[in-house]
Structure formats: C-alpha cells, structure tokens
Amino acid sequence: MSLYRWIIVGLWLLFIVYWAVAAGDAKRNASRPRWRWEIGVRLVVLLLVVALLQSRSLRQFLAQTQRAAGHSAILGWTGAALCLLGFGLAINARRHLGRNWGMPMSRKEQPELVTSGPYARIRHPIYTGLILAMLGSAMGVNVLWALLLVVIAPYFLYSARREEAVMLQQFPQQYAAYVARTGMLAPSLFRRR
C-alpha cells in the first residue's frame, strides 16, 4: 500500500480516537433524546451502506472503475491533503464548540451560541470537514468512499436542518442573524458581513 493511503488510514484512526476522547467532556443533554427516532435514522443509514456493500454487481463495478481509472500519485496525495484539511476543519470546529458539542440534534443544558473560529463563516463545519475527508478518501484510497458519501451526505443535510431548527428555537434573533451572514456547509461568498 502506498504512503498516501497509509496516511489517510492513519488520519481516520486519529480522528476517531480524538472524537471518542473529546466526547467525554460534553455538557449533558437538556431533554431526554428521542432515542427511537435517532437510532432509527442512523440504523437506516447503516443498513443502506451494508446493503450497498453486499451488492456483488456494485463491488465488480467499483473494482473495474478503480482499475480503469488507474491511480496516480498526484490524485492520491491530493486525496491525503483533502483528508488532512477536512479532519483539521472538523477538529478545529469541535474544539471551538467545547462542551457545547453533542450528538446531532441534541439539546444541551445551558447552551451557548458558538460563532467563533470556523463557525464564523460556516454553520456546520464538522459536516463540511467530514465531507472533505470522505472525498479525499475516495481520491486517495478507493472510489467506494464516494459512494459512502452519497449515502451519508443526505443524513448530514437532514441533521444540519434539524439542528438549525433547534438553534432558532433557543436563540431566535441571534441565530437568524447568524444564518443571514454564514453558509450552511461552505462559506457564503455573497452575503453581507
């Protein structure tokens, strides 16, 4: 396996370890989560991924696509750079959230509206970072990551919209102004500051 592939795998492992350790310092949830619904949504996403991976024709198609495309070192290193950029963004965003971080769509006790760091320009930089990391993995490791991204991206959008509805309830005026000056998953280039 080439060096850039090892780097991508290592970045994923480091990210998972960091995320697990950092989760221990989050504030408690303010309300009892809707576990059935949240687990149900995650289970459906997981089952879709597993079902897609079990498809023999899909695996054959992906293998043919990978062979046909060949794999250049430039593409691989670009993928590794995208992974590094994506994980850097996600971790930086997580650090700025501090104890306010939680599972998607959760309400925290004594919430704070965080608009600093990556949140100054993007409302959901963690999702953006993970999308970049998956795209980089598709470029550097296997096109299967792009398929995974196609399945998970709608979940990210769903979660982002649900989180925004919660934030509008908790911070009606501040969050509406924040939405007006930032982009959901990418910096807004055309909105006034």
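The values are calculated or read from the model by the stated rules, or taken from the named source; none is laboratory data. Source: prediction; values computed, not measured. Heads up, the Cβs are rebuilt from the backbone with ideal geometry, glycines too, and the neighbour counts pull from every protein chain shown.
So the values come out like this:
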item	result
Where SER159 falls short, out of the listed (1) in contact (Cβ under 8 Å) with a residue 12 or more places away in the chain; (2) more than 19 Å from the chain's Cα centre (by Cα)	(2)
The listed residue being at pLDDT 90 or above, over 28 Å from TRP12 (Cα atoms), surrounded by fewer than 16 Cβ atoms within 10 Å (Cβ to Cβ) and not aliphatic (A, V, I, L, M), out of PRO172, PRO154	PRO172
Segment 165-178 residues that are touching a residue at least 12 places away in the same chain (Cβ under 8 Å) and over 17 Å from ALA120 (Cα atoms), paired with ones that are among the polar types (S, T, N, Q) and surrounded by 12 or more Cβ atoms within 10 Å (Cβ to Cβ) (beta carbon under 9 Å, 6 or more apart)	VAL166/SER106
Close pairs from segment 1-23: first closer than 20 Å to TYR127 by Cβ and touching a residue at least 12 places away in the same chain (Cβ under 8 Å), partner in a helix (DSSP H, G or I) and of a type in the set (Gly, Ala, Ser), Cβ under 7 Å, at least 6 apart	ILE8/GLY79; ILE8/ALA80; ILE8/GLY136; ILE8/SER137; ILE8/GLY140
Some residue of segment 133-150 being in contact with a Cys (Cβ under 8 Å, 6 or more places away or on another chain), crowded, with 17+ Cβ neighbours inside 10 Å and modelled with pLDDT under 90	yes
Qualifying residues in segment 72-86 (those that are surrounded by fewer than 21 Cβ atoms within 10 Å (Cβ to Cβ) and in contact (Cβ under 8 Å) with a residue 24 or more places away in the chain) - the one nearest to PRO125 (Cα to Cα)	LEU85
Only listed residue being at pLDDT below 90 and of a type in the set (A, V, I, L, M), chosen from LEU84, LEU62, LEU130	LEU62
Test: residue in segment 137-149 that is in a loop (DSSP other than H, G, I, E, B) and under 17 Å from LEU84 (Cβ atoms)	yes
Qualifying residue in segment 100-118 (condition: modelled with pLDDT under 70, under 18 Å from the mean Cα position of the chain (by Cα) and surrounded by fewer than 16 Cβ atoms within 10 Å (Cβ to Cβ))	yes
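One line per residue, one yes/no per condition, for (1) among the small types (Gly, Ala, Ser); (2) within 21 Å of SER2 (Cβ to Cβ):
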| residue | (1), (2) |
| --- | --- |
| ILE131 | no, no |
| MET134 | no, yes |
| ASN142 | no, yes |
| LEU157 | no, no |
| ALA177 | yes, no |
| GLY183 | yes, no |
| ALA186 | yes, no |
